[in-house]
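**Student:** Following this message is one structure expressed as structure tokens.
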Amino acid sequence: MNQNSLTAQQVHQWQPFALPADALTPMQRAQARAERAGQWHSSQYLGRRWAIGCVALEITQRCNLDCTLCYLSESSQALKDLPLVEIFRRVDLIHAHYGPGTDVQVTGGDPTLRDAGELVQIVAYVNAKGMRSSLFTNGILAERELLAALAKAGLTDVAFHVDMTQQRKGYASELELNVVRECYIEAARGLPLRVFFNTTVFDGNFQEITALAAFFVRHADVVKLASFQLQADSGRGVLHSRGYAIDADSVQARISAGAGRQLAFAAGTVGHHDCNRSAFTLVSNGRVHNLLDDTDYAQRLLNETCDVPIDRARKWRTAWRFAAVGLRRPALLLRSIRYFAGLAWRMRGDFMRARGQVTNLGFFIHNFMDAKHLQCDRVEACSFMVMTAEGPLSMCIHNAKRDAYLLTPVATATPDGQQWWSPISGQFSLEKPPTRPVMLDKKTARGRAREIKGGKSIPVEVIE
């Protein structure tokens, strides 16, 4: 075993981060984590621009699909939705750990299965804390009316997850699913939301990633981020380890082929370099141009503007803030003028043919780890957390022992004082109920448990 690999006992002992007792800022703590993992360098965004990449807020474990590579617990369909009071407490915890401006993924399961009024309240609460909220959904119930209500409540982004692992009926290939993607694009068109798409890359669609990237380029007027998540073995589902051809380099090459040029994925890192890659582009006349392909300039821009707040909803405000920094730092301003003048010159033909129309499109690659092959430095430098009842935890660690958190009764404050809430019954009680396995049947079974015979109920093992 690699000396950097976590043993089963170490995974078992790994705990969520407690509320800090030191005087360090969230950014300083993020820098310290990157340093411990050997990931602190001039291109590192974690600890410079962001204290964390994003935090998942799982508001339900229920889902209306049954994915072959699902990361959810096998007991997910049998669990009750967290009460609003507990969800609001977890939003408070996110704010306490990482501060305003944090990206909060409102997710599940599929969050649209919750009552629409409650979903709007959750988004509004995140917004009231000065944090950015993104809805992560398979899109089946994300109708335009709901998206408009959520946008009004402060939702910043909507991320649609669509791929062949979801076993949507009537679609035989990844490219056939573009019909679904186009429907979702039209549902969000014109709303004040940034539209993302998530795609799990696995053996069944690896050959289609080039054409899929080209699809996102063609729809860059609405789509602002295309995220590709590499297959990982969560220990559940019916698919497990990926083929040897699928890695970050091969997926990057296919995305670049679909974009029609070599994309600059090396301009910056968020967290561990083995986990995340991102490329930022401009699209004009259907052609893609790297926004930041000069690594030295990208590093300088990051280091000299890392404290400038970025308002994604009001781009003019962000542009003004960067201009103000340039006026205070003439050398950076001159370098920026030269760089973007060169970019504009290279784009001049497309810019003229498109009559001045330019839009932005980001590409992101996330390389999740197998649940039984977690590496200490990657967990230490993790930029993707999930908020548990006790605090934030690396998503990969959380995926490795989900039931230890999901099946445990939660102590939460109610108008009648602190009470215990049971995820199995959905009821509050004054005394802590025992943690126990969930009995699954044909209706609630997921992952390996779906292979039950004769409808006989089976227990889900709980690893505490």
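The values are calculated or read from the model by the stated rules, or taken from the named source; none is laboratory data. Since the structure is predicted, the reported quantities are computational estimates derived from the model, not experimental observations. Cβ sites come from the backbone with ideal geometry, for glycine too, and all protein chains shown count toward neighbours. Ligands, DNA and RNA are stripped out before the accessible areas are found, and what is left, the full protein with its side chains, is counted by its heavy atoms. Shrake-Rupley method; radii C 1.70, N 1.55, O 1.52, S 1.80 Å.
**Student:** More than 21 angstrom separation, counting every C-alpha pair in the range 215-310; what % is that?
**Tutor:** Numbers: 2053 of 4560 pairs.
The share of Cα pairs beyond 21 Å in the range 215-310 comes to 45 percent.
**Student:** Still on this structure: So for the range 154-254, what percent of the C-alpha to C-alpha distances run longer than 15 Å? List each step's numbers first, then the result.
**Tutor:** Numbers: 3152 of 5050 pairs.
Looking at the range 154-254, the distances longer than 15 Å represent 62 percent of pairs.
**Student:** Kindly identify the range 283-422 as rounded, prolate or oblate by the Cα gyration tensor criterion: order the square roots of the eigenvalues as a ≥ b ≥ c, call it rounded if a/c is under 1.5, otherwise compare a/b with b/c, prolate if a/b is larger, else oblate. Intermediate results must be reported in sequence, preceding the final value.
**Tutor:** Numbers: a/c = 2.53, a/b = 2.16, b/c = 1.17.
Prolate, because a/c is 1.5 or more and a/b exceeds b/c.
**Student:** For Trp345 and Phe322, FRET efficiency with R0 = 25 Å and r from the beta-carbon atoms, rounded to 0.05?
**Tutor:** Working: r = 21 Å, r/R0 = 0.83.
Here the calculated transfer efficiency is 0.75.
**Student:** Taking a probe of 1.4 Å, how large is the accessible area per residue of the chain, in Å²?
**Tutor:** On the way: 21020 Å² over 464 residues.
Accessible surface, normalised per residue, equals 45 Å².
**Student:** Sticking with this structure for a sec: Please work out how much accessible surface His12 shows to a 1.4 Å probe, ignoring ligands, DNA and RNA, in Å² rounded to 10.
**Tutor:** 90 Å²
**Student:** Something else: For Lys315, Lys129, give the ranking by accessible area with the largest first, probe 1.4 Å.
**Tutor:** Details: Lys315 120, Lys129 70 Å².
Ranking Lys315, Lys129 by accessible area, largest first, yields Lys315, Lys129.
**Student:** Still on this structure, I have one more. Please give the Cα centre distance for the range 125-147 versus the range 84-123, rounded to the nearest Å.
**Tutor:** Spelled out, the Cα-based centre of one part sits 9 Å from the other.
**Student:** Excluding residues on the same chain fewer than 8 positions from Lys401, give the lysines whose Cα lies under 27 Å from its Cα.
**Tutor:** Lys80, Lys372, Lys432, Lys442, Lys443, Lys453, Lys456
**Student:** Let me ask something else. Starting from the Kirkwood Rh over alpha-carbon pairs, what translational D in µm² s⁻¹ does the range 136-201 have by Stokes-Einstein at 20 °C and 1.002 mPa s? Display every interim value, and only then the final one.
**Tutor:** Values: Rh = 12.3 Å.
Diffusion coefficient, whole number: 174 µm²/s.
**Student:** Could I ask something else about it? To the nearest 10 degrees, how steeply does helix 209-218 sit against the main Cα axis of the chain, on a 0 to 90 scale?
**Tutor:** So the helix axis and the longest Cα principal axis differ by about 60 degrees.
**Student:** In nm, to one decimal, how far is the modelled label at Asp274 from the one at Gln9, with both set 7 Å along Cα→Cβ?
**Tutor:** Here the answer is 2.2 nm between the modelled labels.
**Student:** Using DSSP, restrict attention to beta bridges with both residues in the chain and report what percent are antiparallel, rounded to the nearest 5.
**Tutor:** Details: 25 of 61 bridges.
Around 40 percent antiparallel, to the nearest 5.
**Student:** Moving on to the next point. Strictly under 4.7 angstrom between C-beta atoms: which cysteines of the chain have no such partner?
**Tutor:** For the chain, the answer is Cys54, Cys63, Cys183, Cys275, Cys306, Cys376, Cys382, Cys396, because their Cβ atoms have no other cysteine Cβ under 4.7 Å.
**Student:** Taking a quarter of the surface of the Cα convex hull of the range 93-175, what do you get in nm²? Each step should come with its number before you reach the end.
**Tutor:** On the way: hull surface 25.2 nm².
Average of the hull's projected areas for the range 93-175 equals 6.3 nm².
**Student:** What base-10 log of the normalised intensity I(q)/I(0) is obtained for the chain from the Debye formula, alpha carbons as equal point scatterers, at q = 0.05, 0.07, 0.11, 0.13 Å⁻¹?
**Tutor:** -0.18, -0.36, -0.93, -1.34
**Student:** Continuing with this model, one more query. Rounded to whole Å, give me the distance from the Cα center of the range 181-224 to that of the range 277-318.
**Tutor:** Between the Cα centre of the range 181-224 and that of the range 277-318, the gap is 20 Å.
**Student:** Over the alpha carbons of the range 1-134, what is the largest minus smallest coordinate on each principal axis, giving the biggest first in Å?
**Tutor:** Cα extents, longest axis first: 43, 41, 28 Å.
**Student:** Working from Cα positions, state the angle (0 to 90°, nearest 10) between the long axis of helix 144-153 and the longest principal axis of the chain.
**Tutor:** The answer is roughly 80 degrees.
**Student:** Another question, then. Which net charge results for the neighbourhood of Asp296, defined as the other residues with beta-carbon distances under 13 angstrom from its beta-carbon, given Lys and Arg at +1 and Asp and Glu at -1?
**Tutor:** Charge balance in the 13 Å sphere: 0.
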